[in-house]
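The values are calculated or read from the model by the stated rules, or taken from the named source; none is laboratory data. Treat the numbers as computed from the prediction; the structure is a model and nothing was measured. Virtual Cβ from ideal backbone geometry, glycine too; neighbours counted across all protein chains shown.
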Amino acid sequence: MANALAWLSQSGVVQGLLLGAVLAFLTAILVMNAVGRAVTSTVNGWSAIRKCGQPGNGVLVRAACAKALPLVNVFEEAAYWTATADSSREALSGGRRYLLHFPAGQLPPHDAFWSLTPTDTAGYMVDNPAHRYSIGDRSPLAQNADGSVDIYLQHEPPSGHEQNWLPVPSGKFKLMFRVYLPGEAILDGTYQLPGIVRAQ
Amino acid sequence: MNRLILKYGRPLTAVILAIFAWVIYRRIASGDGIFPLVIAAVIIWALGAPALIYLWPRLTVNGYKRAILKHGFGEGPIPVNTLYAVPGTSSPSNPRGSLMATGADDLLYVGGWLDLSKGPQVLHVPDMAGRYFSVQFTDPSRSSNFAYVGKRATGTKAGDYLLSGPGWKGTVPDGMAEISSPNQSALVIGRVFVEGDSDLPTAYALAKQIQLAPLKQ
């Protein structure tokens, strides 16, 4: 017994077990991240995983979803998109001003509600003096002359457009777009959210 | 802890791998064999990585199970087969790291842990009068949603739903639809739409009426 313990401590088996466990953990994380990226579809900077939460998913997709979007609704119940970059693929930052332009009649189709929420990069809402943490179907959004709608994503209020202003954090941030009971055009992929464009 | 790992994951990994590289270098330099070390590492790696991927959904859901049964959402632990309605929507004032902190500000959340090992439970939902709501049932072994009650799945009228575990062979009472759970336990997440601040009391009163009760035999 004492001999066996001595051999264990000197042979390197214990270090090997520890090394194997660390490598196994890293491999699992890398594989789940890679699968997560493979099942993510990104259009105009908005990323969504449509498969998550569905009972028929295989082992890899299940794990990738549990890691990326734990406990997420199935897509037909609620569509979620996240964006971390603007249309020129630069990280979203409160130091800049952005516009989200919906052409006339192109606000997201739904049977429940939609909302757009800015958060810090970890996903937490950030306090702002206007106490406005999301904009959505109930917001009294002003329309442009042609019926289109612009949402102003910036840290400071846009003068003359406060009604359509969504305050964002001062530093780097991300956006979460939720459409509950998404309409047919979202489910079949024909509806796409517009890109996040830097304001001139 | 999770936030620390997220924030310092890469440097921590680099440090750990550097320590291992140094240990292996020392063994080679001092003339000790490294075969036992390498073989042990490869075996654990080859078994461990697939096992972790397979178990990841279960580990994730178990994290929420612990959070519900041990901590709750601000008013203490939530016993099994009890649904707790969080009184407010998500906002920046939620403590960082709490389950509510990354939610939506137009929903009230309801949460609980279902345990069917001692018999079926009945889910009651009140008349939502067209309001959006959903109750999601998540299988803890796969982290997949095996059933929904709510506006999309069942409509917004009041109703009672029988939740039965695997192998239950009773009679479903009249007027109840049966939802068979693939496991004896399941995570339950409810969501009730809040039109705005003035609608919050109405929405909360409805959310509190989404309840579980044992099946009366």
Quiz item: If we only count strands (runs of 3 or more DSSP E) wholly inside the stretch B:131-217, which ones have 3 or more residues that are in contact with a strand residue (DSSP E or B) (Cβ under 9 Å, 6 or more places away or on another chain), among the polar types (S, T, N, Q) and under 30 Å from residue A:67 (Cα atoms)?
Solution: B:133-139
Self-check item: Pair list, Cβ < 9 Å and 6+ apart or interchain, from the stretch A:168-195 residues that are not assigned by TED's automatic domain parsing to the domain that holds residue A:92 to residues that are assigned to a strand (DSSP E or B)
Solution: none
Exercise. Please go through the stretch B:163-214 and pick out each residue that is over 20 Å from the mean Cα position of the chain (by Cα), within 30 Å of residue B:59 (Cβ to Cβ) and of a type in the set (A, V, I, L, M, F, W, C).
Key: B:168
Self-check item: Every pair of residues 6+ apart whose Cβ atoms lie under 8 Å, when the first sits in the stretch B:155-166 and is more than 10 Å from residue B:120 (Cα to Cα) while the second is basic (Lys, Arg)
Solution: B:156/B:131
Exercise. Taking residue B:90 as meeting all but one of (1) polar (S, T, N, Q); (2) touching a residue at least 40 places away in the same chain (Cβ under 8 Å); (3) outside any helix (DSSP H, G or I), write down the number of the exception.
Key: (2)
Practice problem: Provide a single number: the residues in the stretch B:113-153 that are more than 10 Å from chain A (Cβ to nearest Cβ) and touching a helix residue (DSSP H, G or I) at 6+ places or on another chain (Cβ under 8 Å). | Solution: 4
Quiz prompt | Answer residue from the stretch A:33-84, given it is among the basic types (Lys, Arg) and within 9 Å of chain B (Cβ to nearest Cβ) and is surrounded by the fewest Cβ atoms within 10 Å (Cβ to Cβ) among those | solution = A:67
Quiz item: List, please: which pairs have Cβ atoms under 7 Å, are six or more places apart or on different chains, and start with a residue in the stretch A:138-163 that is more than 18 Å from residue A:115 (Cα to Cα) and end with one that is of a type in the set (D, E, K, R) and not in a loop (DSSP other than H, G, I, E, B)?
Solution: A:144/A:150
Quiz prompt | Identity of the residue in the stretch B:98-155, under 26 Å from residue B:198 (Cβ atoms) and among the charged types (D, E, K, R), that ends up surrounded by the most Cβ atoms within 10 Å (Cβ to Cβ) | solution = B:106
Self-check item: For residue B:86: the one exception among (1) in contact with a helix residue (DSSP H, G or I) (Cβ under 8 Å, 6 or more places away or on another chain); (2) surrounded by fewer than 16 Cβ atoms within 10 Å (Cβ to Cβ); (3) among the β-branched types (Val, Ile, Thr)
Solution: (2)
Quiz item: When the stretch B:164-182 is examined, which residues are found to be more than 17 Å from residue B:135 (Cα to Cα), surrounded by fewer than 17 Cβ atoms within 10 Å (Cβ to Cβ) and not acidic (Asp, Glu)?
Solution: B:166, B:167, B:169, B:170, B:171, B:172, B:173, B:175
Quiz item: What strands (runs of 3 or more DSSP E) completely inside the stretch A:126-200 contain at least 2 residues that are away from chain B (no Cβ under 12 Å), in contact with a helix residue (DSSP H, G or I) (Cβ under 6 Å, 6 or more places away or on another chain) and surrounded by 14 or more Cβ atoms within 10 Å (Cβ to Cβ)?
Solution: A:149-154
Exercise. Determine which member of the set B:12, B:47, B:59 is within 30 Å of residue B:136 (Cβ to Cβ), more than 7 Å from every other protein chain (Cβ to nearest Cβ) and either assigned to a helix (DSSP H, G or I) or hydroxyl-bearing (Ser, Thr, Tyr) (or both).
Key: B:59
